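All remarks here apply to the structure that follows.
The values are calculated or read from the model by the stated rules, or taken from the named source; none is laboratory data. All of these numbers come straight from a predicted model, not from anything done at the bench. Counting neighbours? That spans all protein chains shown, and the Cβs are built from the backbone with ideal geometry, glycine included.
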Amino acid sequence: MKTIIAAEGLTKTFGSFRGVEELDFEINEGEVFGFLGPNGSGKTTTIRLLLGMYRPTAGGARVFGRDPDDDAAAILRQTGYLPGEFALHPRLTGRQHLDFVAGVRGVRDRKLCDQLVERFEVVLDRPSRTLSKGNRQKIGIVLAFLHRPELLILDEPTTGLDPLMQREFHQLLRETVSEGRTVLLSSHELDEVQRVVDRLAIIKEGRLIVTDTMENLRKTVPRTLEFRFAAALDPEVFSRIDGVRVLNADGEHVTLSLRGPLASVLRVASEHDPVDVIARPADLDELFLNYYRDGSDGDSPSEASHEH
């Protein structure tokens, strides 16, 4: 499998402040790689290092096998980038922005551009200062995709989009990777990330704390089971099972958190005349909260000033 992005020991500090520290990760061709963390955790700093906008303090990265310090222009020719702080010239229309970028990119066939404009219902003929955040964001999406790049780096791409347009964008991502192209999706929205990514990295305070496939991460997240029994029972009968934690017990109602096989819980429950059971699928919210449960949101003076 071809590696599109590889970071090894990637570190950036801003004076005495932390940026990102010793990041190690790879992104492969044809996948959506999610980069998840709260605002200020180091996501945008990492992206700027990959695009050659920042020079690393230590370590390094390669994009398409190139060093961003030396070959940023070559990397950008193959990359579509939607920055988190995306802005348009206030007096220019969407059409003027698209015409300008298409010219710079050398895009002669405007068919894809026109399809995206129609698909996202982009408002083209009004000055950008008169547009809503969502409409400006849709122009940014078209600008990132219009030259059919091999790599898309998208920083909070659905900001301001309504749910219908968010779904359309997620479908666009699936189509993109089905063509063998690659997406790095940076977001602080767990719900969005888990819908579309193949692999996920969680960053906290400038350090990667987990990188894995969505499938494997879901296996580590406890499922929730809610039982209703014919009569009240002692919840201790479940506490003795490995991987089970009693979340709530109120007479005949018992809610359990389960890590591991379901069969052992069902065997015990069957001995106590269950009336009803609800199984909630594993969700990554619990996993994400586990990594941030110390009360820190990952912000620091360095990231607050350099990411926004």
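What to note about this one:
- Boolean, R108 is assigned to a loop (DSSP other than H, G, I, E, B), at pLDDT below 95 and either over 29 Å from T45 (Cα atoms) or over 29 Å from the mean Cα position of the chain (by Cα) (or both): yes
- Among the residues listed as L82, L76, the single one being touching a residue at least 60 places away in the same chain (Cβ under 8 Å) and either exposed (fewer than 13 other Cβ atoms within 10 Å of the Cβ) or within 22 Å of the chain's Cα centre (by Cα) (or both): L82
- Of residues in the stretch 208-234 being crowded, with 16+ Cβ neighbours inside 10 Å and charged (D, E, K, R), the one nearest to Q166 (Cα to Cα): R218
- Checked against the criterion of being touching a Ser or Thr at 6+ places or on another chain (Cβ under 7 Å), buried (at least 24 other Cβ atoms within 10 Å of the Cβ) and of a type in the set (A, V, I, L, M), the stretch 36-48 has at least one qualifying residue.
- Selection of strands (runs of 3 or more DSSP E) fully inside the stretch 163-256 by the criterion of at least 3 residues being polar (S, T, N, Q), touching a residue at least 12 places away in the same chain (Cβ under 8 Å) and more than 27 Å from A279 (Cα to Cα) returns 182-187.
- Boolean, T158 is surrounded by 18 or more Cβ atoms within 10 Å (Cβ to Cβ), in a loop (DSSP other than H, G, I, E, B) and polar (S, T, N, Q): yes
- Any hit, the stretch 231-246, residues being in contact with a His (Cβ under 9 Å, 6 or more places away or on another chain) and acidic (D, E): no
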